[in-house]
1. Of (1) outside any strand (DSSP E or B); (2) more than 25 Å from V235 (Cα to Cα); (3) open to solvent by 10 Å² or more (accessible area, probe 1.4 Å), F122 satisfies all except one. Which?
2. Give all pairs with beta carbons closer than 6 Å in which a residue from the range 266-281 that is part of a helix (DSSP H, G or I) and modelled with pLDDT of 95 or more meets a residue that is among the basic types (K, R) and surrounded by fewer than 20 Cβ atoms within 10 Å (Cβ to Cβ); count only pairs at least 6 apart in sequence or on separate chains.
3. Mind checking which residues of the range 202-222 are buried (at least 18 other Cβ atoms within 10 Å of the Cβ) and either among the aromatic types (F, W, Y) or within 17 Å of the chain's Cα centre (by Cα) (or both)?
4. Filter the range 228-269 down to residues that are closer than 16 Å to P215 by Cα, of a type in the set (A, V, I, L, M, F, W, C) and open to solvent by 90 Å² or more (accessible area, probe 1.4 Å), then give me how many there are.
5. Those residues that are over 21 Å from A68 (Cα atoms), open to solvent by 20 Å² or more (accessible area, probe 1.4 Å) and in contact with a Lys or Arg (Cβ under 9 Å, 6 or more places away or on another chain), I need them from the range 1-43; list them, please.
6. Please return the ranges of strands (runs of 3 or more DSSP E) entirely within the range 1-119 where 1 or more residues are of a type in the set (D, E), within 28 Å of V156 (Cβ to Cβ) and in contact (Cβ under 8 Å) with a residue 12 or more places away in the chain.
7. Looking at A181, A161, A185, can you tell me which residue is in a helix (DSSP H, G or I), without any contact (Cβ under 8 Å) to a residue 12 or more places away in the chain, under 30 Å from N259 (Cβ atoms) and not basic (K, R)?
Amino acid sequence: MVAIESPTDFGVLRGLQALGLRALEISMLPRTGMSLEALELVLDTRRVKAVLAVPTLSNPRGTIMPTASKKRLAELLDRRQVSLIEDVIRDDLAPSEGARRAVKSFDRSGNVMICGSFGKTFAPGLRGIGWGEGGRRAVKVGGLKRAFSGGGSEAVEWAVAELLEHGGYEQSLRQRRLIFAAKRADMRRLIGTTFPAGTRVTDPGAGDVLWIELPHSVDAIELDRRCLGRRIVVVPGPVFTTADRYRNGLRLNAEGTCNARTKQALRTVGAIAARMAADATAAAPQ
């Protein structure tokens, strides 16, 4: 059994399912990520073999776990001898050095395995170029990596290494932080003016995702279906869980610039959601 954040990246859910592993969802706090109190209770009552988490800029909520909580998480799992698999794919987009600090930095026994890539911080095409450090399980992790995914492109790896050494990566990070910040701001303004009353949206302060909670009368699956009819793709909340949750949740991607086409699409999503909310109100018993 693997403990995971809830909601979590649907790619994680697919991966666990493919491996025949059972996911145990741990609730997340709105601003600080996985609830360590809930995790500790689960560790006291269930047989958990590992924890899989994205402490910095989680997907889909965009939360950043405070540094003190990251330290506490490392110590909690070390005492229980439960391994942590830490995904740091978005860490370098965080707004400060403290926010970027990984749980791995508090690991004293090799209990934390860490993995990341350049797909979110450098360029989407570099998703397959990344790194991992398996802690005390490094030899086994390395063997599994070679068995299941083989080697990478040596030429691309050398090119990325050159950019890292000569400052290209830091420049790219600065540019992407600015682009993401501008798009998040534009999207939040449009959500505030076009989505139905009662809609709430996260303000992560960094990263490329926004999490929306619509009024409970608006079903995100139905909203997604109607948006697809307009050739607009949104990601409804239920895909981020194995349970019947987040029916009114919606994740939006803030990657790239918020151009006229993107803004019009978001206005359309808001208008459809507003109509659904109005219809639900009209149909409710008076």
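The values are calculated or read from the model by the stated rules, or taken from the named source; none is laboratory data. Owing to the predicted nature of the structure, the values given are computational and were not obtained by experimental measurement. Here Cβ is always computed from backbone atoms with ideal geometry, including for glycine, and neighbour counts include all displayed protein chains. Each accessible area value is taken on the protein alone, full model and side chains, heavy atoms only, with ligands, DNA and RNA left out. Shrake-Rupley method; radii C 1.70, N 1.55, O 1.52, S 1.80 Å.
1. Condition (2) is where F122 drops out.
2. Note: pairs meeting the criteria are T268/R230; I272/R226.
3. Matches in the range 202-222: T202, P204, A206, G207, D208, V209, L210, W211, I212, E213.
4. 0
5. Scanning the range 1-43 gives M1, L21, L24, E25.
6. Numbers: elements: 2-6, 23-29, 50-53, 83-87, 112-117.
In the range 1-119, the matching strands (runs of 3 or more DSSP E) lie at 83-87.
7. Sole residue among the options that is in a helix (DSSP H, G or I), without any contact (Cβ under 8 Å) to a residue 12 or more places away in the chain, under 30 Å from N259 (Cβ atoms) and not basic (K, R): A185.
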